[in-house]
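Visitor: Questions regarding the structure given below will be posed in turn.
Derivation of every value follows stated rules applied to the coordinates shown; laboratory data play no part. In this text, all values refer to a predicted model and were calculated from it rather than measured experimentally. Neighbour counts are summed over all protein chains in view; Cβ atoms, including those assigned to glycine, are modelled from backbone coordinates with ideal geometry.
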Amino acid sequence: MKVQKLNQLYEGKAKKVFETSDPELLIVDYKDDATAFNGLKKGTIESKGIVNNKVSNFLMKMLEEKGIPTHLVEEISDRETIVKRVTIVPLEVIVRNIAAGSLSKRLGLPEGTKMKRTVLEFCYKDDALGDPMVNEYHILAMDLATPEELQRISDYALAINRILSEFLAQAKIELIDFKIEFGRTSDGAIILADEISPDTCRFWDSETGEKLDKDRFRRDLGNVEGAYREIMHRLLGL
Ligand code: TMP
Ligand code: ASP
């Protein structure tokens, strides 16, 4: 696809976003920069941008094939991908299969505890407020999404969980939890946006329980690069 990369629209913690010669398309450029705890901890994970670009595109392509609409258009380099332009719904949508992270802390459930059913959480995307958790009532009261959009987002999130969990299990990866974001296209459709990568998921080795995700960086567990490479290798064979 021939689109020209134009001016930078936005620089986030892990990606830069550029306008293109097509007003409906953007280019995302994945960085090696890593942050945690709302930017308090900073570092670099060598080649993370390449792994996240390729892993996210691979998983989104697989989800598309199973009927989930995504922003993915085309990978154009190791770190760059053309995506559909959307307005991001300001929610972090979190799906949890096994207790870990902030849920373990908040509810006193040891990490690794199996729960009776899947948990769906929403956080309001606002760095100044530290992305506070909100429920359906807050979302509708603040008009962050319409009731129809929220229903669609919830349905997609749970479907994505089922598809991803089953797919990753074949690569001996247990999907503990993950965070996704959705966007609105110019014609009002809700599609999966942002990324699905070791930055935004908890991936544990199904056999050993070894952490293969950003928790290695957050918690100083060592071999961060190796864990990211391992996920890319298991999924893409690279
Ligand atoms: P948590 O247990 O820290 O709330 O994280 C839940 C999931 O969301 C986990 O897979 C990591 C992911 N996550 C992000 O992608 N971005 C964030 O800023 C945070 C806090 C978590
Ligand atoms: N990316 C987030 C930040 O820098 C947090 C995280 O992933 O833990 O705040």
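Visitor: In Å³ and rounded to a whole number, note down the convex hull volume per residue for the Cα atoms of the chain.
Guide: Hull volume over Cα atoms, normalised by residue count, gives 134 Å³.
Visitor: Ok, one more. For THR87 and GLU210 in the same chain, what is the full-extension length gain: residue separation times 0.36 nm, less their Cα-Cα distance, in nm?
Guide: Once the chain is fully extended between THR87 and GLU210, it gains 40.7 nm.
Visitor: Computed FRET efficiency, Cβ-Cβ of ARG106 and MET1, R0 35 Å: what is it to the nearest 0.05?
Guide: Efficiency, from the Cβ-Cβ distance: 0.20.
Visitor: Stick to the Cα atoms of the range 133-203, pair each with every other, and give me the Kirkwood hydrodynamic radius in Å at one decimal.
Guide: 13.5
Visitor: Could you tell me which residue out of SER47, ILE153, SER186 lies farthest along the dipole of the chain toward its positive end? Charges go on the beta carbon: Lys and Arg +1, Asp and Glu -1, centred on the Cα centre.
Guide: SER47
Visitor: I want to check the label-to-label distance for LYS125 and GLU166. Put each point 7 Å from Cα in the C-beta direction and report it in nm to one decimal.
Guide: Result: 2.8 nm between the two label points.
Visitor: Write out the trypsin sites (Lys or Arg not before Pro) in the range 1-46 meeting two conditions: DSSP loop, and at most 15 other Cβ atoms within 10 Å of their Cβ.
Guide: Passing both the DSSP loop test and the Cβ count: LYS2, LYS13.
Visitor: Moving on. Please state the charge dipole magnitude for the range 1-82, taken about the Cα centre, from unit charges on C-beta atoms (+1 on K and R, -1 on D and E), reported in debye and rounded to the nearest 20.
Guide: 360
Visitor: Ordered by residue, what ³J(HN,Hα) values in Hz, to whole numbers, does the range 42-50 give under the Karplus form 6.51 cos²θ - 1.76 cosθ + 1.60, where θ = phi - 60° and Gly and Pro are x?
Guide: Couplings: 10, x, 10, 10, 4, 6, 4, x, 5 Hz.
Visitor: Give, in nm to one decimal, the length gained when the segment between LYS41 and ALA141 is fully stretched (0.36 nm per residue of separation minus the Cα-Cα distance).
Guide: Fully extending the segment from LYS41 to ALA141 adds 32.7 nm.
Visitor: Charges only on Cβ, +1 for Lys and Arg, -1 for Asp and Glu: so what's the dipole of the range 98-238 about the Cα centre, in debye to the nearest 20?
Guide: Computed about the Cα centre, the dipole is about 500 debye.
Visitor: Run the quick spin-label model on SER154 and TYR10: label points 7 Å from Cα toward the beta carbon, then report their separation in nm to one decimal.
Guide: Those two pseudo-labels are separated by 2.6 nm.
Visitor: Under a 10 Å cutoff between Cα atoms, tell me which one of GLY49, GLY209, GLY183 has the largest fluctuation in the Gaussian network model of the chain.
Guide: Judging by the Gaussian network model, the answer is GLY209.
Visitor: Once the other residues with Cβ under 13 Å from the Cβ of GLY43 are scored (Lys, Arg +1; Asp, Glu -1), what is the net sum?
Guide: Overall, the nearby charge balance is +3.
Visitor: Please compute the modelled spin-label separation between THR113 and ARG219, points set 7 Å along Cα→Cβ, answer in nm with one decimal.
Guide: Going by the 7 Å Cα→Cβ label model, 1.6 nm.
Visitor: I've got another one for you. Based on the Cα gyration tensor of the range 107-238, what are the three equivalent ellipsoid semi-axes, each the root of five times an eigenvalue, rounded to whole Å and given largest first?
Guide: That gives 28, 17, 15 Å for the three semi-axes.
Visitor: Considering only DSSP states other than H, G, I, E and B, which chymotrypsin sites (Phe, Trp or Tyr not before Pro) in the range 8-99 qualify as loop sites with at most 15 other Cβ atoms within 10 Å?
Guide: Loop-located and lightly packed - PHE37.
Visitor: Please get the size of the charge dipole for the chain, origin at its Cα centre, with Cβ charges of +1 on Lys and Arg and -1 on Asp and Glu, quoted in debye to the nearest 20.
Guide: About 540 debye.
Visitor: Scan the chain and report its longest stretch carrying no GluC sites (Glu not before Pro) that are both in a DSSP loop and have at most 16 other Cβ atoms within 10 Å.
Guide: 47-206
Visitor: Also, quick follow-up: Please give the net charge around CYS123, taking every other residue with its beta carbon less than 10 angstrom from that of CYS123, where Lys and Arg add +1 and Asp and Glu add -1.
Guide: Taking every Cβ under 10 Å from that of CYS123, the sum is -2.
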